[in-house]
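Beneath this line is the structure, given in structure tokens, with notes to follow.
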2 protein chains.
Amino acid sequence: MAQKAVGVGLIGCGTVGSGVVKLLVEQAEWYAQRAGRPIEVRRVLCRAEDVGPHTAQVPEGLLVHDLDAFFDTPDMDIILELAGGTTFAKQVVERALQAGKHVVTANKALLSAHGPELFAVARQNHAAIAFEASCLGGCPVITAMQFNLAANRISAMYGIFNGTCNYILTQMTDQGQAYDEALADAQQLGFAEADPTLDVSGGDTMHKLVILASLAFGARVEEKHVPCEGIDRLELVDIGLGAEMGYEIKLLAIAEQTDAGLTLSVGPCFVHADEPIAQVKSSFNAMSLYGHAVGHTLYYGRGAGQMPTASAVVGDLINLVAGSYGALFENMATWPDQQPAPKLADLDRVTARYYLRVNALDQPGVLARVAEVLGEHGVSIAAVNQHEQSVGQFVSLVVITHEAATGAVRRAADDIAQMDVIDGEPICIRIIDMPEG
Amino acid sequence: MAQKAVGVGLIGCGTVGSGVVKLLVEQAEWYAQRAGRPIEVRRVLCRAEDVGPHTAQVPEGLLVHDLDAFFDTPDMDIILELAGGTTFAKQVVERALQAGKHVVTANKALLSAHGPELFAVARQNHAAIAFEASCLGGCPVITAMQFNLAANRISAMYGIFNGTCNYILTQMTDQGQAYDEALADAQQLGFAEADPTLDVSGGDTMHKLVILASLAFGARVEEKHVPCEGIDRLELVDIGLGAEMGYEIKLLAIAEQTDAGLTLSVGPCFVHADEPIAQVKSSFNAMSLYGHAVGHTLYYGRGAGQMPTASAVVGDLINLVAGSYGALFENMATWPDQQPAPKLADLDRVTARYYLRVNALDQPGVLARVAEVLGEHGVSIAAVNQHEQSVGQFVSLVVITHEAATGAVRRAADDIAQMDVIDGEPICIRIIDMPEG
């Protein structure tokens with residue numbers, strides 16, 4: 001019964017690393033019982049320049065600052081990469097894999113930029129990479145796809161992948177806060193970094209979409225395939241006008257398998273308020289996935305934070321110890337390094353419905369002229385909303401289009417922007433009509 | 001590269017069985033590529049008395065009616081039990097396991113009644129039982145717990161486990177249909193059986209709770225541990241009065257780890273309308289799970305139906321072929337046969353908030369007398385709602401209690417029922433306050 005312990009090495013000891021150590025120490029006996037073998041942390045690598053407030057929580061004698069000293073540790077079978085970034089992290093992950101050690105990582109930027117390459121290194125060395133923590137730690141989306149939904153052709157994925165953005169949008173929607181105010185609140189509560197660029201620009205969401213869409217659609221998706229728009233230019237007026245028409249604003253990662261190929265994008269979208277994904281509030285994350293047999297499934301949980309991420313890291317670790325993840329990695333041919341390049345649809349021709357708002361001069365004939373330009377581009381109008389209140393000489397004129405080619409809508413918006421009766425750039429937000437599921 | 005095919009035998013060829021055959025035939029090449037080995041259906045057992053409309057869809061030459069002929073089929077490594085029921089199904093599952101064959105089953109009644117016994121037989125014969133399809137086919141709740149949430153101590157589970165009941169309650173809530181009318185609609189749409197007893201009594205929900213709570217709480221939960229109430233006596237008036245106070249009615253399976261032990265129950269409950277689980281509409285299922293590290297997670301999808309169930313069966317099958325499920329089953333000590341009996345809390349002392357409605361004589365002093373009886377039992381009142389409209393001499397008087405011992409509330413309700421100013425039995429519905437997550 002007394003099985004040999006599995007030795008684990010941690011790289012990085014910040015928020016997540018210290019959460020992982022906490023779990024492994026506090027629940028050691030229980031995990032040993034569950035996984036069939038004790039799991040022991042043998043070494044924690046924290047570069048001298050990375051020593052921080054959490055480093056003190058590392059049990060005595062485990063901490064090293066030197067890379068060689070770390071890798072020279074005997075009986076270290078599994079490496080947990082929690083350092084973040086793409087340079088040092090890539091170096092240590094490659095070194096671990098080349099030594100035949102399994103790697104668990106929470107690093108979405110690394111896998112988004114170098115996933116297929118690293119998976120290939122793993123495969124050459126009969127090692128595995130486990131990465132549930134890299135995307136929506138608290139939602140088991142990777143295992144769901146690789147394990148449960150294995151029988152399904154996936155047709156569409158819609159995700160709220162960034163808790164910072166979802167918190168800000170929830171505050172704007174439910175509390176009427178302006179963007180800057182909501183961001184400041186998020187920073188004060190620890191939901192946003194001092195430099196929030198990676199989150200609010202949609203970049204973090206895009207990293208996760210690259211990883212998850214690769215798995216869902218069996219294609220080697222790359223960052224350059226994903227047009228990406230953030231939430232930092234969203235105005236309260238559009239959130240309010242959308243709400244009047246029954247829509248909720250969300251920063252969505254979108255991947256859809258169409259007849260013309262795969263479409264990928266990240267950007268603010270309107271979703272019907274009664275869709276389950278519209279109910280995802282505050283810093284929670286969620287993913288809606290549509291499979292040809294299963295229909296609509298949705299996964300909801302915390303996407304980030306110390307313990308939800310540590311939960312995913314340790315879950316992967318336990319499954320590596322039990323051998324279930326290793327078998328999945330070795331025998332299922334569903335990993336990014338094994339996939340062909342995606343056949344991408346021409347985004348210009350992809351059709352969708354749009355919300356279009358312009359600041360129009362409050363005078364006769366303007367709506368007719370806007371409608372005429374839309375018509376010239378083949379964009380037909382489903383609904384119009386213009387309030388009586390005007391700001392100075394201008395009024396907010398909202399047009400909801402019928403389904404139209406994205407390129408045509410953009411060109412129409414460009415033409416409208418040139419009109420002498422229009423002030424500034426038109427605001428153009430996609431409306432998502434979820435599939436029947 | 002040309003790996004030997006895995007042979008599969010199907011027992012039962014009704015709705016789900018024919019869905020499984022459809023997937024395995026249509027996607028044969030793709031599954032072979034994903035799982036690393038071709039998967040071939042070698043035999044389909046359909047007893048003479050079970051031949052039905054779906055039997056004709058079985059590919060020629062595969063169908064047998066005789067149990068021995070079925071089990072004599074060579075190279076049949078995995079058995080899919082889709083017959084249902086607990087007698088014949090138990091016999092064939094045992095026989096398959098004793099022959100060292102893995103079993104995939106969608107049969108919740110079987111596992112609820114005989115799970116630990118069958119898991120033990122599997123273990124003795126180095127075979128595995130995979131059963132994602134038995135509980136909420138379209139929501140990967142079993143794998144989520146066994147795989148992703150492996151690092152978590154689960155504190156609470158709240159589930160909508162029955163699509164028939166949820167459809168009926170959604171119709172009552174959103175369309176104002178009476179119970180009988182909503183049930184008739186559900187039957188017409190195929191969401192309810194001709195005899196809906198197992199669904200509307202809460203029995204089907206209870207079966208799933210027995211299976212899922214065993215996994216979540218590491219305890220050998222049995223059917224006798226779960227007090228069970230159905231939806232068949234719910235009145236529209238209570239759904240409306242609850243809605244006025246911000247609550248939505250749901251048939252919930254509940255398991256909570258309290259200091260006094262595990263509490264288990266199935267029954268109609270009020271949940272706050274803004275909780276994610278309150279948004280689960282129509283025939284969809286969902287499970288909210290709270291882990292000590294991950295916090296709140298929710299899984300949403302179709303719980304039944306031909307293709308969602310077939311999706312779960314084939315997902316399990318692919319993971320058995322890939323070896324990942326076998327490793328999980330063999331090496332993780334988290335299965336019902338490996339668990340001790342649960343330490344159950346005394347339900348009488350478990351505290352909760354309650355909605356209490358009585359038909360009270362519309363005369364002075366009645367509210368005072370009802371309040372007095374509640375007070376005598378130590379139940380304190382949080383809110384009262386009495387409308388001006390009365391039916392004959394009687395009015396609906398609703399009391400929302402503060403948190404109180406369940407037994408005390410019941411005894412107070414019994415005493416109130418005896419009062420000469422009260423007509424009929426008080427209606428008593430638990431209000432769920434979800435944990436912070």
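The mean number of Cβ atoms from other chains found within 10 Å of a Cβ in peptide B:327-340 is 4, as a whole number. Distance from the C-alpha centroid of segment A:295-344 to that of segment B:1-72: 29 Å, rounded to the whole angstrom. Dipole orientation for the protein assembly as shown: of the candidates A:417, B:287, B:237, B:287 has the Cα lying most toward the positive pole (charges on Cβ; Lys, Arg +1; Asp, Glu -1). Between B:311, B:407, B:332, the Cα set farthest toward the positive side of the dipole of segment B:310-437 (charges on each charged residue's Cβ, about the Cα centre) is that of B:332. For segment B:328-437, the relative contact order works out to 37 percent when only alpha carbon pairs closer than 8 Å and six or more residues apart are counted.
With a threshold of 21 Å on the Cα-Cα distance, the over-threshold entries among A:4/B:343; A:208/A:250; A:343/B:4; B:224/B:343; B:108/B:224 are A:4/B:343; A:343/B:4.
Taking the C-alpha atoms only, the angle from helix A:88-98 to the longest principal axis of chain A is near 50 degrees. Calculated [222 nm] ellipticity per residue, helices only, for chain B: -10500 deg cm²/dmol; basis is -39500 (n - 2.57) per DSSP H run with n ≥ 4, divided by all residues, nearest 500. Kindly identify the protein assembly as shown as rounded, prolate or oblate by the Cα gyration tensor criterion: order the square roots of the eigenvalues as a ≥ b ≥ c, call it rounded if a/c is under 1.5, otherwise compare a/b with b/c, prolate if a/b is larger, else oblate. It comes out rounded by the Cα gyration axes.
Electrostatic bookkeeping for residue A:326 treats Lys and Arg as +1 and Asp and Glu as -1; over the other residues with beta carbon under 15 Å from its beta carbon, the sum is -2.
When the alpha carbon coordinates of segment B:141-301 are projected onto the principal axes, the ranges are 45, 33, 29 Å, largest first.
Here the dipole of segment A:311-389 is about 140 debye; that uses its Cα centre as origin and unit charges on the Cβ of Lys and Arg (positive) and Asp and Glu (negative).
To the nearest 10 degrees, how steep is helix A:15-26 against the longest Cα principal axis of chain A, on a 0 to 90 scale? Approximately 40 degrees, to the nearest 10. Among A:112, B:179, A:6, whose Cα sits farthest toward the positive end of the charge dipole of the protein assembly as shown (+1 at Cβ of Lys/Arg, -1 at Cβ of Asp/Glu, about the Cα centre)? Of the candidates, A:6 comes out farthest on the positive side.
Label-to-label distance for residue A:67 and residue A:99 is 1.2 nm, based on points extended 7 Å past Cα in the beta-carbon direction. How big is the dipole moment of the protein assembly as shown about its Cα centre under a simple scheme where the beta carbon of each Lys and Arg is +1, that of each Asp and Glu is -1, and everything else is neutral? Debye, nearest 20, please. In debye, rounded to 20, the protein assembly as shown gives about 2580.
Exposed loop sites were defined as GluC sites (Glu not before Pro) in DSSP loop states (anything but H, G, I, E or B) carrying at most 12 other C-beta atoms within 10 Å; in chain B the longest segment without such a site runs B:61-387. Could you tell me the calculated FRET efficiency between residue B:346 and residue B:382, based on Cβ-Cβ distance and R0 = 25 angstrom, to the nearest 0.05? The formula returns an efficiency of 0.60 here. Working from Cα pairs under 8 Å separated by at least six residues, relative contact order for chain B is 16 percent. For residue A:381, the label point sits 7 Å beyond Cα toward Cβ; its separations from the matching points on the remaining copies run 5.7 nm, from shortest to longest.
Taken residue by residue and averaged, Cβ atoms of other chains lying within 10 Å of the Cβ of B:284-295 number 5. For A:13, A:46, A:228, B:165, the sequence from fewest to most other C-beta atoms within 10 Å is A:228, A:46, A:13, B:165. Net charge in the neighbourhood of residue A:289 (other residues with Cβ under 13 Å of its Cβ; Lys, Arg +1, Asp, Glu -1) is +1. Relative contact order of segment B:141-301, taken over Cα pairs closer than 8 Å and 6 or more residues apart, is 35 percent. Counting, for every residue in B:312-319, the Cβ atoms of other protein chains within 10 Å of its Cβ and taking the mean gives 6. The distance linking segment A:386-437 with segment B:375-437 is 53 Å (Cα centroid to Cα centroid, whole angstrom).
Relative to the longest principal axis of the Cα atoms of chain B, the long axis of helix B:163-175 makes an angle of roughly 40 degrees. Across the copies of the chain, residue B:125 has label points (7 Å from Cα along Cα→Cβ) spaced 4.2 nm apart, shortest distance listed first. Label segment A:301-437 by shape, choosing from rounded, prolate and oblate, from the square roots a ≥ b ≥ c of the eigenvalues of the Cα gyration tensor; if a/c is under 1.5 it is rounded, and otherwise prolate applies when a/b is larger than b/c, oblate when it is not. Here segment A:301-437 falls in the prolate category. The modelled label-to-label distance between residue B:180 and residue A:233, using points 7 Å beyond Cα along the C-beta direction, is 6.1 nm.
Calculation over all alpha carbon pairs of chain A in 20 angstrom steps from 0 returns a P(r) of 25, 51, 21, 4, 0 percent. A simple charge model with +1 on the Cβ of Lys and Arg, -1 on the Cβ of Asp and Glu and nothing else charged puts the dipole of segment B:347-432 at about 340 debye relative to its Cα centre. Spacing of the modelled spin labels on residue A:418 and residue B:91, each 7 Å from Cα toward Cβ, amounts to 8.1 nm. What does the C-alpha gyration tensor say about the overall shape of segment B:4-81? Classify as rounded when a/c is under 1.5, otherwise prolate if a/b is larger than b/c, or oblate. It is oblate, given that a/c is not under 1.5 and a/b is not larger than b/c. Each copy carries residue B:68; placing its label point 7 Å along the C-beta direction from Cα gives inter-copy distances of 7.3 nm, listed from smallest up.
Every read-out reported here was derived from the displayed coordinates using simple, explicitly stated rules and does not represent laboratory data. What you see is a predicted model, and the numbers here were worked out from it, not measured in a lab. Backbone-built Cβ (ideal geometry, glycine too); neighbour counts: all protein chains shown.
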